[in-house]
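No value in this document is a laboratory result; all are computed from the given coordinates. In this text the structure is predicted, and so the values were computed from the model without any measurement. Cβ atoms come from the backbone with ideal geometry, glycine included; neighbour counts cover every protein chain shown.
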Amino acid sequence: MGGDPIAGQVDLDLVKPESIQSVIFWVKGAVTTPGSKSRNFFEHNDILWDTSMGDPRNVTPGTKFDGKLSGQYTLPFSVIIPEGVQDRKVLKALGLNEHQKLPPTISEKGGCSIVGYEVGVTVKRSDGFQRNNILYTSVHYTPRSKPDQPSSLRQRAYGENTQLLDPSIDPQGWSPFRLFNCYVPNVTCTLALATPACYTRGSVIPCFLTLESTDLQTLDILSNPEVHVVRIGRRINTKPASEVAKMSGEAMILSNTPLGYACWWPPLGEQSVASHIRTLQGEIKLSPHLVPSFTFGHFSLKYYLELLPPQLPGFIPTKGKYIIRTNIEIATDYPDGPRPRVYLPPEYDILRPELTAGDAEREPLGPGFMYS
């Protein structure tokens, strides 16, 4: 995680005297686009030892060092990856601004790394006829981010363990999307998402769905929690703006498998059957392993939330594949103040659509060591 040190030690076990010039610990970050070579955007080198430092053991101070190492040596290291790119040449080459944060590790199915980090050690030898030794492995890096605080009324609900107030009572806490005749004629649909539209991975996205109509029979049908599908997906872009302009929006979605679904239930309190309004409260459970949103030059990972047409037998939607789609952000840390809590009643949890094994993002497989 961002701000945490990469710490350890390099152990040398030399069975015979060897002429070694230096031992260097390094960290690299690179981006890779399909069909092209990777480009480094970050590189840090730490000289753990070189001949100018003398005998690493300092057995006898003042003793002349003959330039050869023999036996066992331990060389500690500790490096913190900076928040942003510091090399001006790299900033210019990749079209980045001076305050550009480093991106998180991200790889697609099959192990193809789009953004990757490596740490390694290079043992340089003084003898030009002997190969240098390089040991390296990949590491998973995630910069920290957190949402702004929610509305004061929602913070109070979290802190006092009380029910969330709906958008009519807490308008500052919700962002409404209102559509007329979106499902069937004479039905108004309002999807309200908790604000700000940035959510911590491993938590939930609170939402409300309000339906209005003078057709009470239709309202009763649409008030079924299993009818409405709200899901999240992600869009990964690796193309420059000039190329993106020629592509359709769908062409940029490299992973359009749903990453989470909303589960709905009637809010606490009775709703009058004669009312022309029906309300459902919902939550979208977020995987704790989602890669946080980022933009790095023309590389970006963005999340979106969409409301699909109702899942009713014989229903033919008047719209396209989705009725509402809006961008959201995913962060790593919780906002300041009380943490968001889960409100989903246990009896409705069984209605949550299940993700298959390949749907939800998981931590990548453990890195394997490679030699050269």
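Numbers at a glance
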read-out: Built amide H within the under 5 Å cut-off of L102, gap 5+; value: G84, V85
read-out: Ordering of 71-82, 203-214 by packing [mean C-beta count within 10 Å, highest first]; value: 203-214, 71-82
read-out: Around G120: net Lys/Arg minus Asp/Glu count, Cβ-Cβ under 12 Å; value: -2
read-out: Counted charge near V27, where neighbours are those whose Cβ lies closer than 10 Å (Asp, Glu -1; Lys, Arg +1); value: -2
read-out: Average projected area [Cα convex hull, region 5-143], square nanometres; value: 11.2
